[in-house]
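**Student:** Right, I'll just put the structure down here and ask away after.
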Amino acid sequence: MTESATPDHSPHAGKRIAPKHATHALPSYLDPEHLGPWGIYLQQVDRVTPYLGHLAKWVETLKRPKRSLIVDVPIELDNGTIAHFEGYRVQHNLSRGPGKGGVRFHQDVTLSEVMALAAWMSIKNAAVNVPYGGAKGGIRIDPRQYSQNELEKVARRYTSEIGLIIGPTKDIPAPDVNTNEKVMAWMMDTYSMNTGATATGVVTGKPIDLGGSLGRREATGRGVFTVGVEAAKLTGLAIEGARVAVQGFGNVGGTAGKLFAEAGAKVVAVQDHTGTVYRDTGLDVDALLAHVQQTGGVKDFGEADAMGDDEFWAVDCDILIPAALEGQINKDTAPRIRASMVIEGANGPTTPTADDILRDRGVLVLPDVIANAGGVTVSYFEWVQDFSSFFWTEEEINQRLVKIMQDAFHGVWEVAQHHKVTLRTATFIVACSRILQARELRGLYP
Ligand SMILES: NC(=O)C1=CN([C@@H]2O[C@H](COP(=O)(O)OP(=O)(O)OC[C@H]3O[C@@H](n4cnc5c(N)ncnc54)[C@H](O)[C@@H]3O)[C@@H](O)[C@H]2O)C=CC1
Ligand SMILES: O=C(O)CCC(=O)C(=O)O
């Protein structure tokens, strides 16, 4: 049974807003029938609508990205030929402030995926109450096939092309899958050269020497760990000795795995794009991180037992952390998951069908839109530090991060208890109410 089909426990029960005001048919690319990340996001919005009270009249706003830019990114390859890549920057909602969200380099990036990732940024930023709207970018490229020189050209040309709509007070990109501090440095430099002034605040996740923030690299994983610890306290799960499985061992999964291991948990299984490694007594996480750093993936890690990629989903564990790509927990994998808690490091790793399966099986899901908000929270700190040119210590940053994550998580937990809904719907209730309240206060006309 879906949440929207369960008895409505909200104070607005019986006052569901019929979609009468949505008089115009959705453009085909917005059609939820074409599932995928954007369709999943639309379903999530439908699930929250009955809980939005009078603000539901504005809900259509959330279903239409404010601005979507598709750009052609041509570069000369090292062999002298010209290659073209498709790039995107979507600003989903700007009611609460400038757009904010990462840039992804991946061979499967599409406009509709970036639309969903931008929308989840709107929700996430509102959930932790940082003063941003939601945006995201991507380039359809497999970075492993190109040299550093070629990737630098791609990043710089893309930045020039989206330069029309980004800027420190307009939209501030950051790292995401396959992008890092180096890419942010190229983007910052390109934007600065094009505008004629050094603009450190145009991107976050920069190298420390270019106005980056201490703690940003680890921030998303630290946030994942923080909400996991809070949820474990509330549910009586001991972190010490807990068995943890992690999918995706990059920035987010690698840091989260390390922090859980440092807290006494056993990271028993890790999967990435190169394979799966397993050790029943717990993997040596530091050694695994060093192996990934050296070889590019977890495959062939000597101190582990072999495990088939498909077996990963059924591994005996207490906590499962998806920290790779969307749609990994779906109708096929969800029934096999043995963890009692799923902490979503990735954006959009769980389909709505899988959400229902996990809820019915009593598995607690800490949703992406709160669990992985640590990264953007420290990006916010970086942006503030850049504006004031006054930099904080790592201790200050981590303390503030942990406090924001704890407060936001407990707020969402209470809403979930009150409405008897999942933590995902509760987070959407909090976030969509904030976004639509801002929308209503601002009004429609310039
Ligand atoms: N970097 C950040 O600050 C934030 C990232 N996220 C999300 O976290 C997720 C991971 O991002 P990062 O760690 O930054 O990226 P990353 O590029 O550092 O790492 C990605 C990881 O996913 C693995 N992966 C890729 N395809 C896979 C597949 N088919 N099966 C299994 N593993 C696969 C890669 O091998 C790698 O270990 C993404 O969903 C991203 O949107 C969310 C919030 C902030
Ligand atoms: O740090 C940021 O601005 C955004 C990070 C991001 O892309 C995300 O949270 O998914």
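The values are calculated or read from the model by the stated rules, or taken from the named source; none is laboratory data. Given the structure is predicted, the values throughout are model-derived calculations rather than measurements. Every residue, glycine among them, receives a Cβ derived from its backbone with ideal geometry; neighbour counts consider all protein chains shown. Note: areas computed on protein heavy atoms with side chains; ligands, DNA, RNA excluded. Shrake-Rupley method; radii C 1.70, N 1.55, O 1.52, S 1.80 Å.
**Student:** Taking the stated definitions as given, is VAL270 within 10 Å of ligand 1 (Cβ to nearest atom), part of a strand (DSSP E or B) and more than 30 Å from ASP407 (Cβ to Cβ)?
**Tutor:** For VAL270, the condition - within 10 Å of ligand 1 (Cβ to nearest atom), part of a strand (DSSP E or B) and more than 30 Å from ASP407 (Cβ to Cβ) - is met.
**Student:** Take segment 277-295 and flag every residue that is of a type outside the set (D, E, K, R) and open to solvent by 40 Å² or more (accessible area, probe 1.4 Å).
**Tutor:** Once the filter is applied, which keeps residues that are of a type outside the set (D, E, K, R) and open to solvent by 40 Å² or more (accessible area, probe 1.4 Å), segment 277-295 yields TYR278, THR281, LEU289, ALA290, GLN293, GLN294, THR295.
**Student:** Pairs under 8 Å by beta carbon, first residue closer than 17 Å to ALA371 by Cβ and β-branched (Val, Ile, Thr) in segment 202-222, partner modelled with pLDDT of 95 or more and outside any helix (DSSP H, G or I), six or more apart or different chains?
**Tutor:** Final answer for the pair search is THR220/GLY345; THR220/ASN372.
**Student:** If I filter segment 167-178 for residues that are open to solvent by less than 20 Å² (accessible area, probe 1.4 Å), closer than 24 Å to ILE75 by Cβ and outside any strand (DSSP E or B), do I get at least one hit?
**Tutor:** Within segment 167-178, not a single residue is open to solvent by less than 20 Å² (accessible area, probe 1.4 Å), closer than 24 Å to ILE75 by Cβ and outside any strand (DSSP E or B).
**Student:** Can you say whether LEU436 is open to solvent by less than 10 Å² (accessible area, probe 1.4 Å), more than 18 Å from the chain's Cα centre (by Cα) and away from ligand 1 (no atom under 16 Å from the Cβ), as far as the supplied structure shows? Outline the logic, then answer.
**Tutor:** Working: open to solvent by less than 10 Å² (accessible area, probe 1.4 Å): yes; more than 18 Å from the chain's Cα centre (by Cα): yes; away from ligand 1 (no atom under 16 Å from the Cβ): yes.
Criteria met by LEU436.
**Student:** Moving on to the next point. Have a look at VAL384, VAL342, VAL421 and point out the one that is out of contact with any Gly (no Cβ under 8 Å at 6 or more places or on another chain), farther than 13 Å from VAL128 by Cα and within 15 Å of ligand 1 (Cβ to nearest atom).
**Tutor:** The conditions single out VAL342.
**Student:** Restricting to segment 353-409, what's the tally of residues that are within 15 Å of ligand 2 (Cβ to nearest atom) and open to solvent by less than 20 Å² (accessible area, probe 1.4 Å)?
**Tutor:** 22
**Student:** Determine whether HIS410 is within 22 Å of the chain's Cα centre (by Cα) and more than 22 Å from ALA116 (Cα to Cα).
**Tutor:** Yes: the conditions hold for HIS410.
**Student:** So in segment 39-89, with the set limited to residues that are of a type in the set (Phe, Trp, Tyr) and in a strand (DSSP E or B), which one is nearest to the chain's Cα centre (by Cα)?
**Tutor:** TYR88
**Student:** Filter segment 338-352 down to the residues that are assigned to a loop (DSSP other than H, G, I, E, B) and under 24 Å from GLY39 (Cα atoms), then identify the one that is nearest to the chain's Cα centre (by Cα).
**Tutor:** Step by step, filter segment 338-352, then rank; the result is ASN347.
**Student:** To continue, here is another question. Under 7 Å by Cβ, and 6 or more places apart or on different chains, what pairs join a residue from segment 344-365 that is of a type in the set (S, T, N, Q) with one that is open to solvent by 20 Å² or more (accessible area, probe 1.4 Å) and within 16 Å of ligand 2 (Cβ to nearest atom)?
**Tutor:** Here the result reads ASN347/GLU326; THR351/GLY327, each pair linking segment 344-365 to a residue that is open to solvent by 20 Å² or more (accessible area, probe 1.4 Å) and within 16 Å of ligand 2 (Cβ to nearest atom).
**Student:** Also, I was wondering about something else. Hey, can you tell me all the residues within segment 225-256 that are open to solvent by less than 10 Å² (accessible area, probe 1.4 Å), more than 8 Å from ligand 1 (Cβ to nearest atom) and of a type in the set (Gly, Ala, Ser)?
**Tutor:** Matches in segment 225-256: GLY228, ALA231, ALA232, ALA242, ALA245, ALA256.
**Student:** Which one is nearest to VAL227 (Cα to Cα), of the residues in segment 107-143 that are out of contact with any Gly (no Cβ under 7 Å at 6 or more places or on another chain) and in a loop (DSSP other than H, G, I, E, B)?
**Tutor:** Checking each candidate, the answer is VAL128.
**Student:** Right, HIS54: open to solvent by 80 Å² or more (accessible area, probe 1.4 Å) and at pLDDT 95 or above or not?
**Tutor:** yes
**Student:** Go through segment 305-343 and count every residue that is open to solvent by 40 Å² or more (accessible area, probe 1.4 Å) and without any contact (Cβ under 8 Å) to a residue 24 or more places away in the chain.
**Tutor:** 3
**Student:** Right, another one. Considering only residues that are part of a helix (DSSP H, G or I) and among the aliphatic types (A, V, I, L, M), look in segment 416-433 and name the one that is surrounded by the fewest Cβ atoms within 10 Å (Cβ to Cβ). Don't jump to the end; show me each part of the working.
**Tutor:** Narrowing segment 416-433 to residues part of a helix (DSSP H, G or I): 416-419, 423-433.
After this cut, where a residue has to be among the aliphatic types (A, V, I, L, M) as well, the list is 416, 423, 426, 429-431.
On the way: ALA416: 18, LEU423: 23, ALA426: 25, ILE429: 25, VAL430: 25, ALA431: 27.
Of everything passing the filter in segment 416-433, ALA416 is surrounded by the fewest Cβ atoms within 10 Å (Cβ to Cβ).
**Student:** For segment 337-352, which residues satisfy the criterion of being within 13 Å of ligand 2 (Cβ to nearest atom) and either aliphatic (A, V, I, L, M) or farther than 22 Å from GLY221 by Cα (or both)?
**Tutor:** ALA346 - this is the single residue of segment 337-352 that is within 13 Å of ligand 2 (Cβ to nearest atom) and either aliphatic (A, V, I, L, M) or farther than 22 Å from GLY221 by Cα (or both).
**Student:** Out of curiosity, is GLU303 in contact with an Asp or Glu (Cβ under 8 Å, 6 or more places away or on another chain), within 16 Å of ligand 2 (Cβ to nearest atom) and either more than 25 Å from LYS136 (Cβ to Cβ) or not assigned by TED's automatic domain parsing to the domain that holds THR179 (or both)?
**Tutor:** Here the answer is no, as GLU303 does not meet what is asked.
**Student:** Suppose we filter ARG157, ARG96, ARG140 for residues that are open to solvent by 10 Å² or more (accessible area, probe 1.4 Å) and within 16 Å of ligand 2 (Cβ to nearest atom); which single one remains?
**Tutor:** ARG96
**Student:** Moving to a separate point now. Of all residues in segment 191-212, how many are more than 16 Å from ligand 1 (Cβ to nearest atom), in a loop (DSSP other than H, G, I, E, B) and either in contact with an Asp or Glu (Cβ under 7 Å, 6 or more places away or on another chain) or within 15 Å of ALA174 (Cβ to Cβ) (or both)?
**Tutor:** Counting residues in segment 191-212 that are more than 16 Å from ligand 1 (Cβ to nearest atom), in a loop (DSSP other than H, G, I, E, B) and either in contact with an Asp or Glu (Cβ under 7 Å, 6 or more places away or on another chain) or within 15 Å of ALA174 (Cβ to Cβ) (or both) gives 2.
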